[in-house]
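Since the structure comes first, as C-alpha cells, the remarks are kept for the end.
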Amino acid sequence: MSADPPASETPVDPAVRRRGTLLLAGIAGTVLALDLITKIAAVATLEGEEPVTVIDGFFYLTLLRNPGAAWSMATGYTWILTIVAVVVVGVIIRIARRLASTGWAVGLGLVLGGALGNLIDRFFRSPGPMRGHVVDMLAAFSPDGSVFPVFNIADSGIVCGGILLVLMALRGIEIDGTRG
C-alpha cells in the first residue's frame, strides 16, 4: 500500500502558481500606482496649505513628510527602514514563485505595493537617497496626527496585507495553498 504524500509535498499546478504570481503583481502594481498618484496630488495641492476637512471630526487631508515609520517611530533611522523595505521586497519576490494561495497572493501583493511605494519616497525624495521622507496625507480623527498617525495608500496596503497574512497563517493556510 502506498500512502498519499503529505499536502505540503503535493505538487502545485504551474498554472495555479502563475495565476497567484500574476494576482500578486497586479495588486502590488495597483497599490503602487494609487500611492504614487495620491502622493503627487498631495504635494501639488496640499503643500503649504491648511488641512482640508473631508468629514469633520473624522477624516482630513494634510501634508506631512515622515522621516520615520508609523507614528514617526525610528526617526533618524531612515536608512535602516530603507534597507528593511528592500529586504521585504526581495523576500516577497523570492517566495512569489511558490505562491498558489489566493489569500497569500492578495496579502503579499498589498505589502509589496506598499513597501515599494514608501521605498520610492525613501530613495527619491528630499533630503536624499536612502534618507528621503515619506509623503503622508490621510489623517483620521485629527488633522495633525495627534490622535491617529497621518498615513498614505502604501501604509494602508502594508497594514491590510499584514493583517490578511496573519489571518492566513492563523488559519493554517500555507503559501502554496495547502493546510499546515
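Once both labels are modelled 7 Å past Cα along the beta-carbon direction, what's the Thr53-Met130 spacing in nm?
Each label point lies 7 Å from its Cα, and together they span 4.5 nm.
I need to check one value: relative contact order of the chain, counting alpha carbon pairs closer than 8 Å and at least 6 residues apart, in percent.
Dividing the mean separation by the residue count of the chain yields 31 percent.
With only alpha-carbon pairs counted, each pair once and no self-pairs, how large is the Kirkwood hydrodynamic radius of the range 113-180 in angstroms?
After inverting the pairwise mean of 1/r, the radius is 13.9 Å.
Give me the percent of accessible area attributable to carbon and sulfur for the range 30-180, probe 1.4 angstrom.
70
Report, to two decimal places, the Cα Rg of the range 86-130 normalised by 2.2 N^0.38 Å (N = number of residues).
Cα-based Rg divided by the globular estimate yields 1.34.
With point charges of +1 on the Cβ of Lys and Arg and -1 on the Cβ of Asp and Glu, referenced to the Cα centre of the chain, which listed residue (Leu164, Thr75, Ala42) lies farthest in the positive direction of the dipole?
Of the options given, the answer is Leu164.
Taking K and R as +1 and D and E as -1, what net charge do the other residues with C-beta under 15 Å from the C-beta of Met130 add up to?
Working: positive: Arg122, Arg125, Arg131; negative: Asp121.
Charge balance in the 15 Å sphere: +2.
Shape verdict for the range 52-146, please, from the Cα gyration tensor: rounded (a/c under 1.5), prolate (a/b greater than b/c) or oblate.
Because a/c hits 1.5 or more and a/b fails to exceed b/c, the range 52-146 counts as oblate.
Convert 20 °C to kelvin, take the viscosity as 1.002 mPa s, use the Kirkwood radius over C-alpha pairs of the range 15-76 as Rh, and evaluate the Stokes-Einstein diffusion coefficient in µm²/s, rounded to a whole number.
Details: Rh = 14.5 Å.
After rounding, the answer is 147 µm²/s.
Run through every distinct alpha carbon pair of the chain and return the Kirkwood hydrodynamic radius in angstroms, one decimal place.
17.6
What order, most packed first, do the peptides 129-136, 150-157 have when packing is the mean number of other Cβ atoms within 10 Å of each residue?
Descending packing order for the listed peptides: 150-157, 129-136.
Go ahead and set up a Gaussian network model of the chain, Cα springs under 10 Å, then flag whichever of Ala100, Ala44, Ala85 fluctuates most.
Per the Cα network of the chain with a 10 Å cutoff, Ala44 tops the list.
Can you give me the accessible area per residue for the range 29-103, using a 1.4 Å probe, in Å²?
61
The values are calculated or read from the model by the stated rules, or taken from the named source; none is laboratory data. Keep in mind that what you see is a predicted model, and the values were worked out from it rather than measured. Backbone-built Cβ (ideal geometry, glycine too); neighbour counts: all protein chains shown. Note: areas computed on protein heavy atoms with side chains; ligands, DNA, RNA excluded. Shrake-Rupley method; radii C 1.70, N 1.55, O 1.52, S 1.80 Å.
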